[in-house]
Amino acid sequence: MTAHEDKETPVVSADNGSADSAGSAGSGGVRAAAKAPAITREALAAAGLAVLRREGLDALSMRKVAAELGVRAASLYYHVQDKEQLLDLIADSVVWDARKLATAGDWEQCLREAAHAYYRHLHANRDAARLMAGRRTPGPNLLYVLDVMIGRLHAAGFSDEVAARATLTISTYVQGYVLQEQVPKAPRREPDAASELSESCRTASAKQHRNIMSLLTVVKAGDTGAQFSFGVERLIDGLRAQLPGDPES
């Protein structure tokens, strides 16, 4: 079970209906008030991720996350100081699956698999790229992932600086690519009387900028996965050139 799937079971005080329990509640035999559900940081992250997936980053609030847990918003401040800390917690839960990174084998394959796994996971969670962008407080999951990636590069013979910069470059590339794909697009306008003029402009542009046609061909193909893979492979090519000697055996 992953961190963002694990939720604590609400804890409620027991009452077996005996004379002793009734008496301890007062002369009127009033039931003891139910305790608030137990909250863990894992449950808090899971609730925040659920709200993020359902309503998006802009709509996420302490109140909605508390409602997801069945508690009052004030209860959350035992674990986080403010919404920013809550977002840090949720962001760290987003990379939970990346803990499955291979810790052995070829460094190129490790980085390749990490990049594609991160790409898929960001796409699987609404606004995840926006959530991750600019986060400066890594949690235990992200620290683990970064440590594994840097370690694989160290083992391959990269210097401390190159290993660190390479890890940051790969993660930034993935986040930026997904962010570009997840940005809301303006609704398409229906064809109108200006369509012929627009076509003429495109034709004129193609004549002025002949090399742009290759770009238009790639864009029209719409294969964003292939474009993403191209970028990952070129990053790996560049890193390979930075190796001071033979790759790890």
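Quick notes
- For trypsin sites (Lys or Arg not before Pro), the sites in the range 122-153 that DSSP calls loop and that have at most 14 other Cβ atoms within 10 Å are R136.
- These residues, F230, F158, go from largest to smallest accessible area, 1.4 Å probe, as F230, F158.
- Label point at R41 placed 7 Å out along Cα→Cβ; residues across the range 66-97 whose backbone nitrogen lies under 18 Å: 75-97
- Surface listing: S214, S93 arranged by accessible area from highest to lowest gives S214, S93, probe 1.4 Å.
- Ranked order, D160, D127, D237 - accessible area, probe 1.4 Å, largest first: D160, D237, D127
The values are calculated or read from the model by the stated rules, or taken from the named source; none is laboratory data. Remember, it's a predicted structure, so these values are computed and weren't measured experimentally. For neighbour counting, all protein chains shown are included, and Cβ atoms are generated from backbone atoms with ideal geometry for every residue, glycine included. Ligands, DNA and RNA are stripped out before the accessible areas are found, and what is left, the full protein with its side chains, is counted by its heavy atoms. Shrake-Rupley method; radii C 1.70, N 1.55, O 1.52, S 1.80 Å.
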